[in-house]
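I have placed the structure first, in the form of structure tokens, so that the comments after it can refer back to it.
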Amino acid sequence: MKKNPLHDIAIVATYNTRQSRRLENENDLSLILEIIRGLIDSAGVKTSDIDGINISTPVWNLKPREALQILNSETRWCGNEFMGISAVLEAAGAIATGQAEMIMIASAQAGEYTSGESTAPWTRPTHEFIECFGLYTAAEFALCAQRHMKLYGTTPESLAEVASTIRNNGNKHPKAAFYGKPNVSPDDVLDSRMVTSPFHLLDCCITSEGGAGLIITTAERAKDMDVDAVYLLGAGTDRQGMSYTRAPVWDKCGDIGKRAANRAFSQAGIRPKDVDVCEFYDPFSFEIIRQFETYGFCDLGEGGDFVMDGRIALDGEFPISTNGGLMSFGHSGTVQMLQKVTAAYDQLCNRVPDEINVANAKVAMASNGGSGALFCDVMLLGTEPA
Amino acid sequence: MSTMGDEALLNKPGLPVPKATVISQPHWDGCKKGQLLVQHCDECNAYTFPPEIVCPQCLKSSLLWKQSSGKGVIYSFTVVHRPQRPEFAAPYVAAIIELEEGWHMMSNIIDCDIDSIEIGQAVEVSYVKREDFSLPMFKLLTVP
């Protein structure tokens, strides 16, 4: 089989700022500078080694091409603004095609969400066929969950198990927005107030401020650096158009991400059972259940049972969102999508407290998006090259 | 009774009105006349909603506005307790309606007992005025 150029690419550094509901005295530019300095320090490189970037912020509205001027080094490539797995994939493509050799990807958000009266600005659609009916992100994902519950008998208890597990990971991560919070039981989730049925408050992700970034380069270059390298094993995207502009009809979007996962597993030459850590996108508890089905970890309709009995716990077969994910670690702007990749790196390199470290984890799966968002991207990463 | 059945609450100042486009304007004009208009392709017989510039099935520019029966079923729903913005009177029911012709749209179920809403229930369009618009919302066809 022809070698996949993706397999010549490695992540060599990650950096997370502190995440918090509000980061007083910070703005997204101050956070970006912290991340850039942190990444350069962590990778042990000079600014002139970075020859490509994809750095942006939503509030200050820093664009990647403007960000080139901050580094003012030998940059010759710059990515598009879209963050997350697709940004990592875009950068990997640039490296694989010789456009750059070492790329920094980063984003941060602070100072945008100031009112508690409405849902966060970036979760509130403006589309003519959505906004006037009082819909917003949580309600649209709820429409998918509700359909699944009707078709397959998925229970609120399964959703609560997911939310409880994720939250109890995050409260042990020192950089998490909810670090130090008391443990949350499935009953606590079920007892929390209803946001939009079937989602209780604790089934939903938080909103917070913070940022993150990473550096990727060639596997060959990584060998010469004094760093922990995590290799790209496979990846895929699955897109159905603009998020939050049309009805998330389960028959059409319920298995979004399936094609992405099939491609990623095929590229990596592994199967779901080979995944040690599931850094799945977790905007709402139900989405974890959906992803286990969609990616082939279990059959359609069986996700609700699959997540029970400790299977998704840190010492279970498929630990999920080990840093607390969007429900506890952080959910800022678009950088939260990139943080699924940094979470995978940090877990595989044992850069998390012992309490939430998954022993001997060698393969991680990260994902972005979901049914209600009409897109879903996945990436498989490993401590050894494919 | 859902507060969403209350005309005063449904017209509360500050509630968002649709930002119609050149492409969607005929749909909103239809609503004002009590007609639920949807694009239909004469070439391949597909319905397209939300409105598009061409038929996404066959790429023909032969989309014509056709009147829907306005009847359908609840494909999925959610009872929203935390409103999108404070002007919305919660709780309210947001739903995906599957129209008889097989196409889907988002809307609200009004004049209903929120606790007894179920997927699959038959509904019919009912227009609610908001500023200069008539919004297509839905009522249950048979009261259980």
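Residue pairs, Cβ under 7 Å, 6 or more apart or interchain, first in the range A:229-251 and closer than 25 Å to residue A:150 by Cβ, second of a type in the set (A, V, I, L, M, F, W, C) and assigned to a strand (DSSP E or B). List them. What qualifies is A:238/A:375; A:238/A:376; A:240/A:375; A:243/A:375; A:247/B:96; A:247/B:105; A:247/B:106; A:249/B:96. From A:36, A:55, which residue is in contact with a Pro (Cβ under 9 Å, 6 or more places away or on another chain), of a type in the set (Val, Ile, Thr), in contact (Cβ under 8 Å) with a residue 40 or more places away in the chain and surrounded by 18 or more Cβ atoms within 10 Å (Cβ to Cβ)? Just a single option satisfies the conditions, and that option is A:55.
Among the criteria (1) free of Cβ contacts under 8 Å to residues at least 40 places away in the same chain; (2) under 25 Å from residue A:22 (Cα atoms), the one residue A:128 does not fulfil is (2).
Residues in the range B:64-96 that are of a type outside the set (Lys, Arg), more than 8 Å from chain A (Cβ to nearest Cβ) and either in a strand (DSSP E or B) or within 12 Å of the chain's Cα centre (by Cα) (or both): B:64, B:65, B:67, B:68, B:70, B:72, B:73, B:74, B:93. Restricting attention to the range B:97-144, the residues being among the charged types (D, E, K, R) and in a strand (DSSP E or B) number 5.
Condition check ((1) more than 14 Å from residue A:230 (Cβ to Cβ); (2) in contact with a strand residue (DSSP E or B) (Cβ under 8 Å, 6 or more places away or on another chain); (3) buried (at least 24 other Cβ atoms within 10 Å of the Cβ); (4) not acidic (Asp, Glu)) across all residues:
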site	(1), (2), (3), (4)
A:322	yes, yes, yes, yes
A:335	yes, yes, yes, yes
A:353	yes, no, no, yes
A:360	yes, no, no, yes
A:366	no, yes, yes, yes
A:374	yes, yes, no, yes
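One residue alone among A:101, A:66, A:81, A:90 is surrounded by fewer than 21 Cβ atoms within 10 Å (Cβ to Cβ) and farther than 28 Å from residue A:233 by Cα, and that residue is A:66.
One residue is enough: does the range A:233-245 have a residue meeting the conditions of a type in the set (Phe, Trp, Tyr) and either touching a Ser or Thr at 6+ places or on another chain (Cβ under 6 Å) or at pLDDT 95 or above (or both)? Among the residues of the range A:233-245, not one is of a type in the set (Phe, Trp, Tyr) and either touching a Ser or Thr at 6+ places or on another chain (Cβ under 6 Å) or at pLDDT 95 or above (or both), which makes the answer no. When A:147, A:167 are checked against the criterion of being closer than 30 Å to residue A:289 by Cβ, touching a strand residue (DSSP E or B) at 6+ places or on another chain (Cβ under 6 Å) and at pLDDT 95 or above, A:147 stands alone in meeting it. Among residues of the range A:162-218 being within 14 Å of chain B (Cβ to nearest Cβ) and under 16 Å from the mean Cα position of the chain (by Cα), the one that is surrounded by the fewest Cβ atoms within 10 Å (Cβ to Cβ) is A:207.
The numbered conditions (1) touching a residue at least 24 places away in the same chain (Cβ under 8 Å); (2) more than 14 Å from chain B (Cβ to nearest Cβ); (3) among the charged types (D, E, K, R); (4) farther than 19 Å from residue A:19 by Cα are all true for residue A:147 except (2). With respect to (1) modelled with pLDDT of 95 or more; (2) at the interface with chain A (Cβ under 10 Å from one of its Cβ atoms), the lone exception for residue B:47 is condition (2).
The values are calculated or read from the model by the stated rules, or taken from the named source; none is laboratory data. Everything numeric here is computed off the predicted structure, so don't read it as measured data. Please note: Cβ atoms are built from the backbone with ideal geometry, for glycine as well, and neighbour counts cover all protein chains shown.
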